[in-house]
1. Which condition from (1) in a loop (DSSP other than H, G, I, E, B); (2) in contact with a strand residue (DSSP E or B) (Cβ under 6 Å, 6 or more places away or on another chain) is the one that Leu86 breaks?
2. State the number of residues belonging to the stretch 126-174 that are without any contact (Cβ under 8 Å) to a residue 40 or more places away in the chain and either small (Gly, Ala, Ser) or exposed (fewer than 13 other Cβ atoms within 10 Å of the Cβ) (or both).
3. Does the stretch 197-205 include one or more residues that are more than 14 Å from the chain's Cα centre (by Cα) and assigned to a helix (DSSP H, G or I)?
4. Out of (1) in contact (Cβ under 8 Å) with a residue 24 or more places away in the chain; (2) within 15 Å of the chain's Cα centre (by Cα); (3) surrounded by fewer than 21 Cβ atoms within 10 Å (Cβ to Cβ), the odd one out for Pro103 is which?
5. Within the stretch 142-164, identify whether any single residue is among the aromatic types (Phe, Trp, Tyr), part of a helix (DSSP H, G or I) and more than 8 Å from the ligand (Cβ to nearest atom), and answer yes or no.
6. How many residues does the stretch 78-100 hold that are hydrophobic (A, V, I, L, M, F, W, C) and under 15 Å from the mean Cα position of the chain (by Cα)?
7. Answer yes if at least one residue in the stretch 27-39 is over 14 Å from the mean Cα position of the chain (by Cα), free of Cβ contacts under 8 Å to residues at least 12 places away in the same chain and within 28 Å of Ile2 (Cα to Cα), and no otherwise.
Amino acid sequence: MIAVAIDGPAGAGKSSIARQTAKEIGFIYVDTGALYRSIGLHMLNHNVFPGDAQAVSRELEHLDIGLEFQNGEQRVILCGKDVSDLIRTPEVSKASSQVSAIPAVRAFLLELQKNMAQTHNVIMDGRDIGTVVLPQAQVKVFLTASPQERARRRYQEILEKGGSADYEEILKEIWERDERDAGRAIAPLVPAQDAVILDTTDMTVREVIDRLKQWIAEKTA
Ligand code: DC
């Protein structure tokens, strides 16, 4: 099996790059952020404060998460319900970042993520894929871009979907999330020692995908 690990901060373009590359080379794309988001959503729905490590850890006993693939698209099944479309709100983003700092949450999700790579060729994106989840991955990329550029992309995306947004507010959220994700004691956001670091600030999506495909071809030839 071939595994491609893509890590990096929020808004660096990981998911669109990983999804499209996987489609072009026939791998499955595993979005691990969606798993943390589902746990965040579950806690909000059950009135458990996502920052309360003890309460969240206890609540994990009542949690059942699975991944399914429909036409190559990942769906997250939380306690029997497809929540893939419910986990993209700002409230869930914040809750997911909070629960992701809890060791029991990371342990809970580890096996599920590892299993996916045992049975499929995968492109998996997240924060700790190259360092913790798939340290054996043949290709490891750390995608990044300036906070301003990441905020600009997110802002653009919201406008294109017909929504309205405040650029400064988005930038502030990105700073906060970066700080929480990089500063936590467990699985902090750092590149694996053997990862290639790619700054996409001045690159188009197409350029990034082509570069990635080239690396995958070289490493797996
Ligand atoms: O990639 P995303 O924005 O959907 O991720 C949501 C949150 O989950 C993010 O704040 C960091 C966390 N996360 C993580 O800690 N480890 C991963 N492998 C993926 C996401």
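1. Evaluating Leu86 over (1) in a loop (DSSP other than H, G, I, E, B); (2) in contact with a strand residue (DSSP E or B) (Cβ under 6 Å, 6 or more places away or on another chain) leaves (2) as the failure.
2. Matching residues across the stretch 126-174 total 12.
3. Filtering the stretch 197-205 down to residues more than 14 Å from the chain's Cα centre (by Cα) leaves 197-205.
Going one step further and asking which of them are assigned to a helix (DSSP H, G or I), we end up with 205.
Checking the stretch 197-205: at least one residue is more than 14 Å from the chain's Cα centre (by Cα) and assigned to a helix (DSSP H, G or I).
4. The number of the failed condition is (2).
5. Scanning the stretch 142-164 turns up at least one residue that is among the aromatic types (Phe, Trp, Tyr), part of a helix (DSSP H, G or I) and more than 8 Å from the ligand (Cβ to nearest atom).
6. First, pick out the residues of the stretch 78-100 that are hydrophobic (A, V, I, L, M, F, W, C): 78-79, 83, 86-87, 92, 95, 99.
Restricting the remaining residues to those that are under 15 Å from the mean Cα position of the chain (by Cα) gives 87, 92, 95, 99.
Total satisfying the criteria: 4.
7. Kept after step one, since they are over 14 Å from the mean Cα position of the chain (by Cα), are these residues of the stretch 27-39: 27-28.
Next cut, free of Cβ contacts under 8 Å to residues at least 12 places away in the same chain only: none.
Taking every residue of the stretch 27-39 in turn, none turns out to be over 14 Å from the mean Cα position of the chain (by Cα), free of Cβ contacts under 8 Å to residues at least 12 places away in the same chain and within 28 Å of Ile2 (Cα to Cα).
All of the numbers you see were taken from the coordinates with simple rules; none came from a lab. Quantities reported herein were computed from a predicted structural model and do not represent experimental measurements. As a convention, Cβ positions derive from the backbone with ideal geometry for all residues, glycine included, and neighbour counts pool all protein chains shown.
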